[in-house]
Amino acid sequence: MLMSNSARAARLHYMANGFRVLTPGDHVVCALTGERIPLDELRYWSVERQQPYASAAVAAKAMHGA
């Protein structure tokens, strides 16, 4: 039986120009807000921290330690 990836969090390896899927899923969870981010909408992450962020504002907040 095939398993669906819906409602399953993916595990990713974040790189400078993209990411690699380590464990299939349909979303990741924002490291700061806990918001669910669909993979096709994921635009912001930290390569150094290996964390996804829900928006540019959230990413900036994370990078500045606020």
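The values are calculated or read from the model by the stated rules, or taken from the named source; none is laboratory data. Keep in mind it's a predicted model, so treat the numbers as computed, not measured. We work out accessible area using only protein heavy atoms, side chains counted, and drop any ligands, DNA or RNA first. Shrake-Rupley method; radii C 1.70, N 1.55, O 1.52, S 1.80 Å.
Whether a residue is modelled with pLDDT under 95 and either over 10 Å from the mean Cα position of the chain (by Cα) or open to solvent by 90 Å² or more (accessible area, probe 1.4 Å) (or both) was assessed, and L2 passes this test. For the stretch 5-34, the set of residues classified as of a type outside the set (S, T, Y), assigned to a loop (DSSP other than H, G, I, E, B) and either more than 10 Å from the chain's Cα centre (by Cα) or at pLDDT below 95 (or both) consists of N5, A7, R8, A16, N17, P24, G25, D26, L32, G34, listed by residue number. The set of residues in the stretch 14-29 being open to solvent by 70 Å² or more (accessible area, probe 1.4 Å) and among the polar types (S, T, N, Q) consists of N17 alone.
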